[in-house]
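All of the numbers you see were taken from the coordinates with simple rules; none came from a lab. Because the structure is a prediction, the values reported are computed rather than measured. Here the Cβ positions follow ideal geometry from the backbone for every residue, glycine too, while neighbour counts run over all protein chains shown.
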Amino acid sequence: MEDDAPVIYGLEFQARALTAQTAETDAVRFLVGTQSLKFDNQIHIIDFDDENNIINKNVLLHQAGEIWHIGASPADKAVLTTCYNKSESHCFLLSVAPFAASLCSSFFSSDSRVVSCAAVWRMPSDWETGSHESPDESAHNPQTLELLCHLDDSTHGNAACVLWEPMGDGKRVISLADNHALLWDLQESSTQATVSSTATLEGKGQLKFTSGKWSPHHNCSQLATANDTAIRGWDLRTMSQIYCIENAHGQLVRDLDFNPNRQYYLASCGDDCKVKFWDVRSVQEPVKTLEEHSHWVWSVRYNHSHDQLVLTASSDSRLILSNMVSISSEPFGHLVDDEELSEGEELHQEDKGKEPLKDSVVSTYEEHEDSVYAAEWSSADPWLFASLSYDGRLVINRVPRALKYRILL
Amino acid sequence: MDEGSVPVAEDPGRRRRVHGMLKLYYGLNEEGKAPEQPESLDPCDINGPHFDPELYLNKLRRECSLTELMDQETCMVRQIRSLDSDMQTLVYENYNKFISATDTIRKMKNDFKKMEDEMDCLSANMAAITEFSARISGTLQDQHAQITKLSGVHTLLRKLQFLFELPARLNKCLELQAYAQAVNTHRRARCVLQQYSHLPSFKGIQDDCHAIMDKLAQELRQKFRDGGSSAKDLSECVELLLQLDEPAEELCDKFLSHARSRLESDLQGLEAEIRPYPSTSATKDASVHGLSSTTAPGSPADGSPKNSSLPSPASNTDILEFIDRGCNEFVSSLCLVITSYQELFINHAQKGELASKNIPQMANGKLHVFVDDLAARYFMLVERRIQEEKGVGDNSLLVRALDRFHRRLQAVAKLLPGSAVPNKGTEIVIRAATERVKQYLSALQSFYMDSLTDVRQALATPRLSVAGTSVAGPASGRDAPTSLPELLSSLSASILNQIKSVLASVHLFTAKDITFSNKPYFKGEFCSQGVRESLVVSFIKFVCQSSRQFCETAGDKGGSTPPALLLLLSRLCLDYETSTISYILTLTDEQFLVQHHSPVTPVTTLCAEAREAAQKLLNHYVKVQGLIISQMLRKSVETRDWVNTIEPRNVRAVMKRVVEDTTSIDVQVGLLYEEGVRKAHSSDSSKRTFSVYSSSRQQARYAASYTPSAPMDTNLLSNIHKLFSERIDIFSSVEFNKVSVMTGIIKISLKTFLECVRLRTFGRYGLQQIQVDCHYLQMYLWRFVSDENLVHFLLDEIVGSAAHRCLDPAPMEQSVIEVICERG
C-alpha cells in the first residue's frame, strides 16, 4: 500500500511555534508563528486539502514580535494566544509592558531590551475571503491580528507559554511566566483578562517553567509543568503541587503531553534524547522510555483519539512516530464492540488470530533539514500531523495506511 | 599281443603276468582291472573270450600272405610252448605246498592228545582243595560271632560312659571357658539324649546338660553383649550361639544395635566438631547418654570415657581433620562391623545348614538398612561441615578432604556391593563441588567489584590538574598521572590472575590422583557446565553486565561514575572481546579437557556481548563528557545578557575552559585508544576557518538579511548548504578510536551551543562575541576530530544562527577576530 508523499510548505522566516486550530473539526488547519527580529512576524494559517493534497495558506501579521509559542482556543476558531518576544527597539506598544522596563532597568542604559509577553488575539473575520480573491495580494498586504488582551501582569515575568483549558469554553487560560503559573479568566469575549489564581514555584536559584500542559482529565483541574529536569503536577483548585518527578530527565525537560484516554499517563521529552512515559501515581520510575532520537527531543504529542500513536520531534532534524501499544488505552488492539461481535464468528476469530501489536517505531520522517521544534496532530483528522523545523519548513504527513487499518480494523 | 616280452621276462613281474594270463584263461577277472581292459568282442582276438578259431583262421588266411602265415604259425607255436611250460611249473609248486601242509596237521594231532591228559589231572586236584577249605571255615564259625558281639558291647559301654560324664565335662569346659569344646560335645550327645529321653536316667543327664548349656548360652550372650572382646572372639561367640539354635534374627539385631551404639558415639564426636549447633549437639549428647546407659548396661564403662573425652564444641578443626576423623573413626569401624557381620551371618551361614533358613537374605537386608541409616547421618554431618567451608582461600584442603571421604567410601562399596552409600557419597562430593564453583564465582565477582572500587579510588585521588598547564601542551597533559594504561593493565592482569588461580583451584577437583575425578560427572558435566559455563562464562557475562549497569545507573546525571572509569572499562571490555575471552576459554578448555556434550556458550557470543558492552560504555563516556562540556556552554549562553553586552575584547573564559577540557579528554582517551583515521587536514586548518564567515557566503547572508525584499535567500543559502552536507547524528555510536570519540564529544558540545544560541537574542556585540568564541574554538578543536569540516559546519551554523538572532547584525572584522583570538 503506497502511502501518500508528505506535503511540504516553506515559510520565509524561521519558526518554532505550531498549533492545530483546536476548535476547527472539519478542516485540517494548522497555525504557524514565525520568528524574525527584523521583519513583522506573521501567523500562517495552513489549510490542508486532504483530497487534492494541496495546501492553502493565509498570512496574518503579528507585529508585536517574534512568536515563541502559539495556542488556539478550543472554543472559538478565531481566537488564539501567542507568547512573543519583543525588543524595545522594535516595540510599537510601549505602554503594554511597563513591568518589562522595570525588569530591565538594572541593565545598561541601552535602548534595546528583549521582553517576553503573552497576549490573546482574534483573527480578522474575513481573512478567509480575502485570501480567495487574491492570494498574491494577501501575501504582500496581509491583514493584521486584532489584539484582544494582554496576559501580562506587572508582578510576573516573562511568559513561556499559554495553555487553554482543554475542551473548555475558551474562558480560561494558564500562562507560565518564569516561576509562576497564572490562571486567567477571560471576560467580555476575551477582551479582558484577570488573574484568578496563581501558583509559584519556590526553590533555590532562578527557577523557570519551560513548558506545561493542562490535563484534560479530572474535570480539567490539573496542570503539569516542567522546569529544568523536574516535572510537577498542580491542582488548579488549590493551586498547590500534587506530585513532583524529580530528575524526570537527565537534562532539561522540553515538553509534556497527557494521554488523552488514560488519565494518569503522561509523556515527557528532554535534552537527554529520551521520551519517557510516566504514571503519575508512581513516579519513581518511568513506565516506558524511548531512546530513538540522536539529539534533544523538543516536542511530544499523543494522538487525540488513538493514544498509542506518539509523535516526537527532535533537533536531530527528525520526526518519529511511535506506536506505544503496551501503554495505550487499547493494549490488545482495537476492542471489538458487542454489535460487531454479532456480525459473525469469522471476524471474531480473525481478531483473535491477530498478533498483539508491539511497541515500535512506526516511521521516522526525515524531510526536515534543520532542528524540528514542534509537531502537532490535526484536530480534524486523527491520521494527519504537521511538523515544523527551524528553517521554516512545515511538513504534513499521514500515519501509514497499513498501521491505520490495523488500528481501525 | 605281447609275445615279444614273454620269453625275456623271468622275474616276479613275469610271474605275475603269467598269473594274469592264467586268470584270463580261466575267466577270472581281477578286481579293479576289469574296467581297464575293455572286453574285446572281437572273435579274432586270440586272447578275448569270444575268440572263434574258425573266423580267426579265415581271417588270417584271407588277409595274410604266406610268409606272414608262416611267421604267425611259428609265433603261435612258440607261445603255446611257453604256456605249457608255465603250467607245469605251477603244478609242481602247488604240489609241494600241499604235501608240507599235510605233515603239519598230523603233528598237531599228536600234541593235543597229550595236553588233554594233563588237564584231567588238574581238575582232580582242584576238587580236593575246595573240600579242604569248606571244612576249615566250618570249624571257625562260632568264635567269630562271639568276637563281634563283644566289640559291640564295648562301644556301647564307652558311649554310655561319655553320656554319664557329659555334665561334668561340660561344667569343666564352662569353668575353663572352653565354650567351643562344650558346644561340640553337647552337640554330639544331643541326639542320643533326645532319643532316649524316655528313660529316667538319660532324662536326668539331658536335664543336667540343658541346664549347663543354658548357662553357657547365657554366658555367651553376655560376652557377646559386652562386645569388649575382639572380633574373633565375637565371631566365635556368634558361631556358637548359632549352633545352640539361638534365633539368628535376634542375634543380628543385637549385633547391629551393639555396633550402632559404638558408631553413634563416633558420630557424636563428629557432630561435636561442627560449630554452628553447639547447643543441639550437647543436648543430643545428653539424650544419647541416657539412652545408651539404659539399653546396654555393659556399655557405660566404654561409653563414658569416650563422651568425656569429646572435644569441646568450640574447638573447630579444619575440614580435612574432620573428614579424617570421620573416616578413621566412623567409616573404618563401619567397615569393620560390615566385615564381621558378613563373616558371621552371611558367609558363615551360607556354608552351614542355616542357609536353608534364608538367614543370609534376612541378615543382608538388616545390614543394608543399618548401613544406610548410619551413613545417612554421617552424610548429614559431613554435608553440614562442608557447608561451613565458605572461605575460598585454600581449595586443596577441601578437595583432599572430599577425596579422602570418597575414597574411604569405596571400601564400603566393596564390602556392600548393592549399597546406595557410595552413590550418595558421590552426590555429596558433586554438590560440594558445584557449591564451590558458585562460591568461586561470587568470589570472582566481588573481587572484580573490589578492583573496580580500587580503580575508582585511584582515579579519584588528587592528580595534577591539567587545567593549570598550557592548553595546547599535550606533553604536559600526559604528565597528569592518571596513568590510565597502568590502571587498566593492572586491573586486567589482576582479574586474569584471579581467574587463573580460581581455575587452578577448581582444577584440583579433576586431578588424576583424586578418586572421584574419574566419575562421569567430573569428567563431563563438571568441566563443561560447572566450570566453563557457570564459572568462567558467568563471570565474563557478569563483567559485561556490570559494565552496562554503569551506563544505566549512572545514566541520567552522569555524576556517579567518573568518566575515566567508563573509558577504562570500555577498553577493558574491548580487550576482552579481542583477546581475553578467547584466551580464558581456551585456557579453561585446555585445563579441563572439556568435551562438550551439552551445548555451551560459544566464544563469539561472549565476544559480541563484550563488544556491545564496550561500545555502550564508550558511547556513554562520549555522552557524559559531551554533556559536561555542553553544560558549561549552555550555562555560559543562558546566563548572559547578549543584547546588552560590551564589545568583545577577548575570548570568553568558558571557551578556554572548553578547549582545555577537550584537550585533557583527548589525552585521556589517547592513553587507552588508538589515534584512528582522520580526513586530511587542509594546510592551514587553524587559520582558514573564518574565511567561511567573512568571505562571500557569510556576507551574502548578511547582505540578504539587509534586503527586506528577499528574506528567502538566507534560508535558501543555508538549505543549499545543508543539502550537500551529510546529516549529522549527534548522539551516535562512536568507533573504538580516539578521533571518533573526540568527534562525538565535540559534536555534542557544539550542537548544544547551537541550540542554546538559537534560543537567545543578540545585540551587535553579542554576535561579535560569538564570532570571536567560534573562531577560537575553530583554532583549537579542528585537530581533535576526524573531519574538520564538521567543526566548520557546526561553527558556521552557530555564527549563522547568532546572526539571525541578532537585532543589529554587524559582524566583526575577521582580522580583529584573529587578533583577539591570538591574544588568547
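Output wanted: per-residue J couplings in Hz (rounded whole) for the range B:197-209, from phi through Karplus 6.51 cos²θ - 1.76 cosθ + 1.60, θ = phi - 60°, x for Gly and Pro.
5, 6, 7, x, 5, 5, 4, x, 4, 4, 4, 3, 4
Fully extended, how many nm does the chain gain between B:N110 and B:A178 (0.36 nm per residue separation, minus their Cα-Cα distance)?
Once the chain is fully extended between B:N110 and B:A178, it gains 15.9 nm.
By the scheme Lys and Arg +1, Asp and Glu -1, what is the net charge of all other residues having a beta-carbon under 15 Å from that of B:A653?
+4
Name the residues whose placed amide hydrogens come within less than 5 Å of the amide hydrogen of A:A17, ignoring near sequence neighbours (fewer than 5 apart) on the same chain.
Hits under the 5 Å cutoff: A:G33.
Using 0.36 nm times the number of residues separating B:V369 and B:N650, minus their current alpha carbon distance, what extension gain do you get?
Length gained between B:V369 and B:N650: 91.4 nm.
What order, most packed first, do the peptides B:735-746, B:789-800 have when packing is the mean number of other Cβ atoms within 10 Å of each residue?
Result, highest mean Cβ count within 10 Å first: B:735-746, B:789-800.
With r defined as the distance between the Cβ atoms of B:A608 and B:E675 and R0 fixed at 35 Å, what FRET efficiency is calculated, to the nearest 0.05?
Taking R0 as 35 Å, the efficiency between B:A608 and B:E675 is 0.85.
Using +1 at the Cβ of each Lys and Arg and -1 at the Cβ of each Asp and Glu in the range A:211-409, identify which of A:W214, A:A386, A:A226 lies farthest towards the dipole's positive end.
Working it through, the farthest residue towards the positive pole turns out to be A:A226.
Between B:Q545 and A:T144, what's the calculated FRET efficiency when r is the beta-carbon distance and R0 is 51 Å? Round to 0.05. Spell out each step's value before the answer.
Details: r = 63 Å, r/R0 = 1.24.
So the FRET efficiency works out to roughly 0.20.
Only counting other Cβ atoms within 10 Å, I'd like B:D42, B:D450 sorted with the fewest neighbours first.
B:D450, B:D42
Give me the net charge for the shell around A:V283: Cβ to Cβ below 11 angstrom, other residues only, Lys and Arg +1, Asp and Glu -1.
Counting the neighbours of A:V283, the net charge comes to 0.
Give the order of B:H507, A:H306 when sorted by the count of other beta carbons within 10 angstrom, beginning with the fewest. The partial results should precede the final answer.
Working: B:H507 17, A:H306 23.
Fewest-to-most Cβ neighbours within 10 Å comes out as B:H507, A:H306.
Please say if the range A:211-409 is rounded, prolate or oblate, where rounded means a/c under 1.5 for a ≥ b ≥ c the square roots of the C-alpha gyration tensor eigenvalues, and otherwise the choice is prolate for a/b larger than b/c and oblate otherwise? Kindly include the intermediate steps, with their values, before the conclusion.
Values: a/c = 1.99, a/b = 1.30, b/c = 1.53.
It comes out oblate by the Cα gyration axes.
Taking other Cβ within 10 Å of each residue's Cβ, how do A:W68, A:W184 sort, fewest first? Can you show the working numbers first?
On the way: A:W68 22, A:W184 25.
Ordered from fewest to most neighbouring Cβ atoms within 10 Å, A:W68, A:W184 come out as A:W68, A:W184.
Once R0 is set to 51 Å, what does the formula 1/(1 + (r/R0)^6) return for the Cβ-Cβ distance between B:Q439 and A:E246, expressed as a FRET efficiency to the nearest 0.05?
Numbers: r = 40 Å, r/R0 = 0.79.
Efficiency computed from Cβ-Cβ geometry: 0.80.
Rounded to the nearest Å, what's the spacing between the alpha carbon centres of the range A:11-68 and the range B:750-784? Just the number, please.
Using only Cα atoms to place each centre, the spacing works out to 30 Å.
Taking H placed 1.01 Å from N in the peptide plane, check which residues at least 5 places from A:H69 or on another chain put their amide H under 5 Å from its amide H.
HN-HN under 5 Å from A:H69: A:C83.
In peptide A:369-379, what is the residue-averaged number of other protein chain Cβ atoms found within 10 Å of each Cβ?
Per residue, the average neighbour count from other chains is 2.
Between B:V153 and B:Y196, what length in nm is gained on full extension when 0.36 nm per residue of separation is reduced by their alpha carbon distance? Don't skip to the answer; put the middle values down first.
On the way: separation 43, 0.36 × 43 = 15.48 nm, distance 1.77 nm.
Computed gain between B:V153 and B:Y196 is 13.7 nm.
Considering amide H positions built from the backbone, and no H for Pro or chain starts, which residues 5 or more places from A:Q143, or on another chain, come under 5 Å of its amide H?
Correct list: A:L61.
Measuring from centroid to centroid over Cα atoms, what is the spacing of the range B:602-636 and the range B:111-152 in Å?
One Cα centre to the other: 133 Å.
Looking only at other chains, what is the average number of their beta-carbon atoms within 10 angstrom of each beta-carbon in B:631-641?
So the per-residue partner count for this stretch is 1.
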